[in-house]
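Report on one structure; see the data block that follows.
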Amino acid sequence: MILLRTIDLRKQFGETRACDGVNFTVNKGEFLSLVGSNGAGKTSLVNLISAQLTPDSGRILLEDKDITNATVYERIQAGIARSFQIVNLFDGLSVFDNVALSIFSRDGKAVKMASLAEHDREVREESFEVLGQFGLQDKSRVLAGGLAQGERKLLDVAVAYALRPKLLFLDEPTSGVSTRDKTQIMDTVSSVVRAGTVTAVVIEHDMDVVFRYSDRIVMMHEGRFLADGTPDEIRANNEVASILLGAPLSA
Amino acid sequence: MRADVAQISYRPKLMLAVAAILVLIALALLPSYIGLYQTQLLTYGLIAAIAALGFNLLLGYTGLLSFGHSAFFGVGAYSVAFLLRYAEIHSMELYIALGVPIAAIASALFGYICVRHTRIFFGILTLALSQVLYSLVLSFFWVTGGTDGLRVARPTLLAGMITFTGAGSFQRFIEAYYYYVLAIFAVSVAIMWVIVHSPFGKTLQAIRDNETRARFLGVRIRRFRWLSFLISGTFTGLAGILWVPLNGLTTPEVMYWTFSGEIVFTALLGGFRNFTGPIVGGVVFTYLKTYAVASTEYWQLLLGIVLVLLVLLLPTGIVGALSAGMKKLQRKESFA
Amino acid sequence: MAILIIQILNSLFYASVLFLIAAGLSLIFGVMRIVNMAHGSLYAVGAFVTAWLVGRAVAAGAPVALAALLIPVGAAVVALIGAIIEPLLLRPFYRRAEEYQLLVTFGLLLILEDGMRFFWGGLPLTADPIMDAVPSIHIGNLIYPGYYLVVIGVGVLAALALWLVIYRTRFGVLLRATSQDRRMASALGLNVGLVYVSAFAIGCFMAGLGGAIIVPSQAAVLGMGIDALVLAFVVVVIGGLGSLQGALVGALIVSFVRTAGIQFFPEIELAVLYLIAALVLLVKPTGLFGSA
């Protein structure tokens, strides 16, 4: 079942065509990797879908609902969430609060001012659950600004994930992160996708990660799609492999 | 492991409650030791603390620096003056019951206009709007008393049960009014503490720290900023309401932007990244200003110098510096 | 008809002074991204210093023509003050949160305002001899002070001079480069510190000149700086912070509205101006010519 679809999406920055007639589909429940060299248009595509950019032309459909002109708020309500390439956290709040905030916002509880945030048991338990999934439960009281880089990335993904979106976009979630943390992030994301609760689209440069976790790989080059298929299909595609890796893969 | 990590730890809150009660008791006992004049001064200090507390919801927790908070203080003060002069109301409870909603409405209106912008434009807009109000108060002098202002007689407390007339009434008024203000102060601090630690308070801090990320969590930024502005202005308005019966008079000066600057100063003095900072700042500033005004004609110069030195040397304010100092002590102890 | 011309001239006169103040504010913001809350007070200092100097000179028997030369001197004094303030008080805050800059300049405002009271007391200071020396002109059958035309002339010259410096000199290129990208400019070997202090000094000179040029026609009084500051803010809000054109257009708009306001709605004249500022901020927050 198709969860998200873009129809002939175009975005141009001066001379550069970031998205040049992109027809992107995401199937429900899949783990999709979006790959390509720098400047291929991956982040622009995600920015267009998450309403950080407005398209020059084209349409975006979420479960057949046209969200091309929807605001950030409306898209999040519709079930789209994302993390950022440069880690974007609430540095003055604790790790726990960062995640709890997602949940409060999701459940419409963010406006409550007559009760203490800590006293909301459901939110507290769910926050710890999410923190546990990402291995951050021991740091729950640490201020986000005081975490190491790898932990910040983990938290960044956790915060987006805590929204329990239908469609989760992760922009280079493993860049600058140790192997152990990489595995933690990707294992968590992969398991929630398998459990059917989230569909994930991940922009990635680490090919090991891409081939190990993805159901499907989409490759972009200069604003257009170059290839689209399962890891095996991509691996067998020598042309793609040489662009991705610099040399064809041996089977 | 997960189960007990998920428990709230009550101990720090208990300690906080005990500390707060001790402070409250100390404040309640003070008048018997410090005499009438000091009691009056301390009352002004508590009122300034309420104003600063309200102001700091906007600055410290939401990240918006307003240069127009004098407008809300003034709205509170003039509401009382108008209620007395035009509706012949003498009850303090009615002043609060009617004045607070008026301050809230003013804050809501101003806030609606101002929160569409941030940073310097927000600051300029708050300044401009408060100046509009100030100039209106000056212009419509037949209503507002113009530069002479309006006199306010001593109100009745506790639904008219306590009145202050006759011999010794000044002393009785000061003593009674101190406790009245102290009670309201305690309630205000409690309310603000809950607000700041509520989901709403956390969301405000998130918006302060990273507006983009907050937006991508589905938070309606403008709405939250507006709510923060509303609460902030209302608290400062309450301070104005409490102030004018004590001062006996309200003048347009209280709406002028230099008064807004004093409110900003109090938050900075105490430390605007702390909950208790503005409270300490409000009280300390009241004493500072009183002694500065008394000791030199050029107290604004003194204030300016202190402000510059504060920003240069002690940007986290009194409370910030104290807590940083305590942390250093703790660390030294743990290595000893 | 004559009255209309006079009203227009009055507006242009006022606009010239406003332009000087606002252009200084805008220049400083454009290059250094700071808003100087003490800018209006510097304008007042310019007025006081000039009036004081002129008073001394005239009392010492100097010819009025010589006394008139004290006007740029007054402005230069303010520029000097600015050149001292910037490295001392402002530079420590460039990397810090914006709030601190506003607070420090606000502290400066308090210091300057009381400083003026300390030096010159509470009485207004005048520099009438200069204005009296300029012959009046006839408009219709009404007499109009020629000095006002001088001020308008100065305003026009200043606008031209600023434009020339910023867009036609090498220094102007340095200014614009630094305002675009400070780190890049310094990486290219530009002495950013020198550029900053120069820009700040020029901005202060403009403010001081505004005060110096108005004081022959209008006494220097305490509190004039604060009124000027808020008006200057209104001008840059309307015109756009950081834009020279904006300062010019904004000054004209504010000035004409003010003149009309005084004619027709004297009570709420100030309120009308602030409301306009609020409206502009609502509709186009960066002003007519500004960029965010």
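Any read-out appearing in this document is the output of simple, stated calculations on the displayed coordinates, not a laboratory observation. Since the model is a prediction, treat every value here as computed from it, not as a measurement. Cβ atoms come from the backbone with ideal geometry, glycine included; neighbour counts cover every protein chain shown.
Listing for the model above:
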quantity: Exceeding the 28 Å Cα-Cα cut-off - candidates A:K182/B:K328; A:K11/C:K284; A:K112/B:K327; A:K153/C:K284; calculated: A:K182/B:K328; A:K112/B:K327; A:K153/C:K284
quantity: Base-10 log of normalised Debye intensity for the range A:49-111 (one unit scatterer per alpha-carbon) at q = 0.13, 0.26 Å⁻¹; calculated: -0.46, -1.16
quantity: Within-10-Å neighbourhood charge of B:G304 [Cβ basis; K, R +1; D, E -1]; calculated: -2
quantity: In the range B:257-336, chymotrypsin sites (Phe, Trp or Tyr not before Pro) in a DSSP loop with at most 13 other beta-carbon atoms within 10 Å; calculated: none
quantity: Backbone HN-Hα couplings from phi across the range A:40-52 [Karplus 6.51/-1.76/1.60, Hz, Gly and Pro as x]; calculated: 6, x, 5, 5, 4, 4, 5, 4, 5, 6, 8, 6, 7
quantity: For the range C:131-151 and the range C:72-127, distance of Cα centres in Å; calculated: 34
quantity: Loop sites in the range C:34-100: trypsin sites (Lys or Arg not before Pro), DSSP, at most 10 other Cβ within 10 Å; calculated: C:R95
quantity: Cα-centre dipole for the protein assembly as shown with unit charges at Cβ (Lys and Arg positive, Asp and Glu negative), debye to 20; calculated: 620
quantity: Helix-only [θ]222 nm of chain B, DSSP H runs n ≥ 4, -39500 (n - 2.57) each, per residue, nearest 500; calculated: -25500 deg cm²/dmol
quantity: Rg/Rg_ref, the range B:228-292, where Rg_ref = 2.2 N^0.38 Å and atoms are Cα; calculated: 1.14
quantity: Whole-number Å³ per residue for the convex hull built on Cα positions in the range A:1-75; calculated: 89
quantity: Residue among B:T236, B:Y33, C:Y148 farthest towards the positive dipole end of the protein assembly as shown, charges placed on Cβ; calculated: B:Y33
quantity: Computed over the range C:25-178, Kirkwood Rh from alpha-carbon pairs, angstrom; calculated: 18.0
quantity: Kirkwood hydrodynamic radius of the range A:35-154, from inverse mean 1/r over distinct Cα pairs, in Å; calculated: 16.5
quantity: For the protein assembly as shown, the Rg and Dmax computed from alpha carbons only, in angstrom; calculated: 31.3, 104
quantity: Dipole in debye (nearest 20) - chain C, about Cα centre, beta carbon charges: Lys, Arg +1; Asp, Glu -1; calculated: 920
quantity: Projected area, mean over directions - the range C:1-87, Cα convex hull, nm²; calculated: 7.7
quantity: Chain B - convex hull of the alpha-carbon atoms, volume per residue in Å³; calculated: 179
quantity: Estimated inter-spin distance, C:Q263 and B:V18, nm [label 7 Å along Cα→Cβ]; calculated: 7.5
quantity: Student exercise, chain B dipole from Lys, Arg, Asp, Glu Cβ charges, in Debye to nearest 20; calculated: 1300
quantity: Long-range amide H partners of A:V35 with built H, under 5 Å; calculated: A:V218, A:M219, A:M220
quantity: Whole-Å distance, taken between Cα centres, linking the range C:223-281 and the range A:24-60; calculated: 46
quantity: Under the Karplus curve 6.51 cos²θ - 1.76 cosθ + 1.60, θ = phi - 60°, whole-Hz ³J(HN,Hα) for the range C:35-42, x wherever Gly or Pro sits; calculated: 10, 8, 5, 8, 4, x, 5, 5
quantity: Cut-off under 5 Å, modelled amide H: who pairs with B:T156 long-range; calculated: B:S91, B:M92
quantity: Table column - 3J(HN,Hα) (Hz), the range C:140-154, Karplus curve with 6.51, -1.76, 1.60, x for Gly and Pro; calculated: x, 10, 10, 9, 10, x, x, 4, 4, 5, 4, 4, 4, x, 4
quantity: Globularity index of the range C:182-262, i.e. its alpha-carbon radius of gyration over 2.2 N^0.38 Å; calculated: 1.39
quantity: Alpha carbon convex hull of the range B:12-73, projected area averaged over orientations, nm²; calculated: 5.8
quantity: Per-bin percent of Cα-Cα distances, the range C:99-141 [10 Å]; calculated: 21, 23, 22, 18, 14, 2
quantity: Alpha carbon convex hull of chain A, projected area averaged over orientations, nm²; calculated: 14.0
quantity: In the range B:134-216, chymotrypsin sites (Phe, Trp or Tyr not before Pro) in a DSSP loop with at most 14 other beta-carbon atoms within 10 Å; calculated: B:F140
quantity: Relative frequency of Cα-Cα separations exceeding 22 Å in the range B:201-336, percent; calculated: 54
quantity: Of every Cα-Cα pair in chain C, the percent that sits beyond 31 Å; calculated: 27
quantity: Theoretical ellipticity at 222 nm over chain C - DSSP helices of four or more residues, -39500 (n - 2.57) apiece, nearest 500; calculated: -25000 deg cm²/dmol
quantity: Hydrodynamic radius (Kirkwood) for the range A:88-213, which is based on Cα pairs only, to one decimal in Å; calculated: 14.9
quantity: Ellipsoid equivalent to the range B:125-233 - semi-axes via the Cα gyration tensor, in Å; calculated: 39, 25, 9
quantity: Other-chain or far-sequence residues with amide H under 5 Å of A:G21's (modelled H); calculated: A:L9, A:R10, A:K11
quantity: Proximal charge balance of A:C19 [Cβ under 12 Å; K/R count +1, D/E count -1]; calculated: +1
quantity: Around A:G229: net Lys/Arg minus Asp/Glu count, Cβ-Cβ under 12 Å; calculated: -2
quantity: Descending semi-axes in Å of the range B:254-313, equivalent ellipsoid built from Cα gyration tensor; calculated: 18, 13, 12
quantity: Cβ-based charge dipole, the range B:217-318, positive-most Cα from B:W226, B:A294, B:V308; calculated: B:W226
